[in-house]
Amino acid sequence: MDITDKLYSYNPRSIVLYGLLIILAIYLSHIGIVEYASDKLEMQRWVIAFIGFLANFGIVYHHMTTPPHPKFLLVKKRRVNIRLHAFFGITEVLAGSICLFYQSEVGGIIFGVLAILHALTALNQTPTVFGAKGIMIPSYIFAGALHLYVGYRILNEPTSFFWIMNTYLTLNIYAYVRIIMVGCEKVNLFKGYHYSLGVLLAGLFVGPALLGPATAVFFVIFIAVSYIAMKLVFGFTWTEMKSFMWKEHDREKLVDPELKNKWLRENIGVDVNLAAIDETTAKAIFNKLDDNKNGVLEPEEMDVFLKTWGMTSGARQSLEKHMGKDISFDDFYEIVKYSGVSIRSIKSLSKDEEHSDEEKARLVFNELDMDNSGHLDCIELELLLLEYGLPRNEAKTYLKKYDTDGDGEISFEEFLKDFGPLWKFAYTYS
């Protein structure tokens, strides 16, 4: 099991790790939340809450009109969780807005229950969170645990305005994440790091209203403890932690683009997007790797390719049928195509035109069908699902479910019917 599978899926060690971190975050919430006696500071809390209230209208509209990321819908357990999360989130916003202006015991209990359920479904998404893992995983755990804590306090004091406001502010951390992300995207600020930056700055906006001036201290301590705990529990090396945990993960790159482009520039004098590699370029790469010029790549030569291009261990496992044997050029060309499998831009295909669902699926299908065979190999889809954030074990389970005849191929009809979340998202965002 590689570093991504260890972090992206629930296993005995990850359950222990996340459980201990949640307990620590709840404790920090308990000792950290402060009560402001100043009317001026309380008014500032109202301002922060009101901005989050307005932003929620845009967030709800976005989620109602935009297809969710495939990682949330392809696997049943994630599909159920994200739908429950959305339901609890919307109803919590409504209940919290009412409780701010009218405190009642019944209303407070409803608000508290929704806060706890919303927090639990949020925490359940932690393993597949995007962004820099060293920041994002602790952030999600801390925010979720804080949400659990304030929701619990409302259940004990359902008419307490103090705890109602605290819960409402915690709820709106995500609203501030979206505000900051959209703002950065609009002005092209900190390009490539919008998600992690959004989470950090959202904590800067909302955190002091809950935890006071020491918010940053609490969070730095929690990140440091989380970082060390991940190393101890999973046995990661410091090199693995450094190379993986602090890199921004929008989609999980199957190879390291920087290493790949560096190798191409230094060895064959070209700099090209991996997904666009053609047969001529592949031949030049093959010849460069074939040190003894015997017309095949031996396992040692193949290993040089995988390491120098920074291919993830999950992708290497997906290509296991090619490992441990001499590789012909035809097989190597197949691997090069697969290692770059991705949805290339189809914006040039006149997105102004109206397309039916079948036409949308066909456009995406044709992008994935690199050899124009009329079928998708399971390995192509598995690598794409890995890139979209599914753990390898989930990707293999999902493909096995729909490759019922075991021929290792997915027809267009199967793709249209069974892979809707993937092609709808790819069509929208390619």
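When Leu117 is tested against (1) surrounded by 16 or more Cβ atoms within 10 Å (Cβ to Cβ); (2) modelled with pLDDT under 95, just one condition goes unmet, and that condition is (2). From the list Leu123, Leu24, the one residue that fits, being buried (at least 17 other Cβ atoms within 10 Å of the Cβ), closer than 21 Å to Leu148 by Cβ and more than 17 Å from the chain's Cα centre (by Cα), is Leu24. Once the stretch 238-293 is narrowed to residues that are polar (S, T, N, Q) and surrounded by fewer than 15 Cβ atoms within 10 Å (Cβ to Cβ), the residue that is modelled with the highest pLDDT is Asn287. Among all positions in the stretch 45-63, there is no residue which is touching a Leu at 6+ places or on another chain (Cβ under 8 Å), modelled with pLDDT under 90 and assigned to a helix (DSSP H, G or I). Scanning the stretch 24-44 for residues that are touching an Asp or Glu at 6+ places or on another chain (Cβ under 9 Å) and part of a helix (DSSP H, G or I) yields a count of 0.
Quick one: in the stretch 149-168, of everything that is surrounded by fewer than 23 Cβ atoms within 10 Å (Cβ to Cβ) and within 18 Å of Thr91 (Cα to Cα), which residue is farthest from the chain's Cα centre (by Cα)? Out of the qualifying residues, it is Pro158.
Here Gly96 qualifies as within 29 Å of the chain's Cα centre (by Cα) and assigned to a helix (DSSP H, G or I). I'm checking my understanding of the structure. Among residues of the stretch 385-430 that are in contact with a Ser or Thr (Cβ under 8 Å, 6 or more places away or on another chain) and in a loop (DSSP other than H, G, I, E, B), which one is modelled with the lowest pLDDT? Once the filter is applied, the top-ranked residue is Ser430.
In this structure, is Phe142 surrounded by fewer than 21 Cβ atoms within 10 Å (Cβ to Cβ) and among the aromatic types (Phe, Trp, Tyr)? Judged against the criteria, Phe142 is not a match. Quick one: is Ala49 out of contact with any strand residue (DSSP E or B) (no Cβ under 9 Å at 6 or more places or on another chain), closer than 15 Å to Tyr174 by Cα and of a type outside the set (Val, Ile, Thr)? Considered against the rule, which asks whether it is out of contact with any strand residue (DSSP E or B) (no Cβ under 9 Å at 6 or more places or on another chain), closer than 15 Å to Tyr174 by Cα and of a type outside the set (Val, Ile, Thr), Ala49 comes out as yes. Screening the stretch 346-380 for residues that are under 30 Å from Met302 (Cβ atoms) and modelled with pLDDT under 65 and picking the one that is nearest to the chain's Cα centre (by Cα) gives Met370. Condition check: in the same structural domain as Lys71 (by TED's automatic domain parsing), surrounded by fewer than 24 Cβ atoms within 10 Å (Cβ to Cβ) and more than 22 Å from Ile48 (Cα to Cα). Does Phe130 satisfy that? Taking the combined requirement at face value, the residue satisfies it. For the stretch 57-65, the condition of being of a type in the set (Phe, Trp, Tyr) and either surrounded by 14 or more Cβ atoms within 10 Å (Cβ to Cβ) or within 24 Å of Tyr149 (Cβ to Cβ) (or both) holds for none of the residues. Within the stretch 27-55, the only residue that satisfies the criterion of being surrounded by 12 or more Cβ atoms within 10 Å (Cβ to Cβ), without any contact (Cβ under 8 Å) to a residue 60 or more places away in the chain and among the charged types (D, E, K, R) is Glu42.
The values are calculated or read from the model by the stated rules, or taken from the named source; none is laboratory data. This structure is a prediction, so every number in the text was calculated from the model and none was measured. A quick note on method: Cβ atoms are made from the backbone with ideal geometry, for glycine too, and the neighbour counts reach across all protein chains shown.
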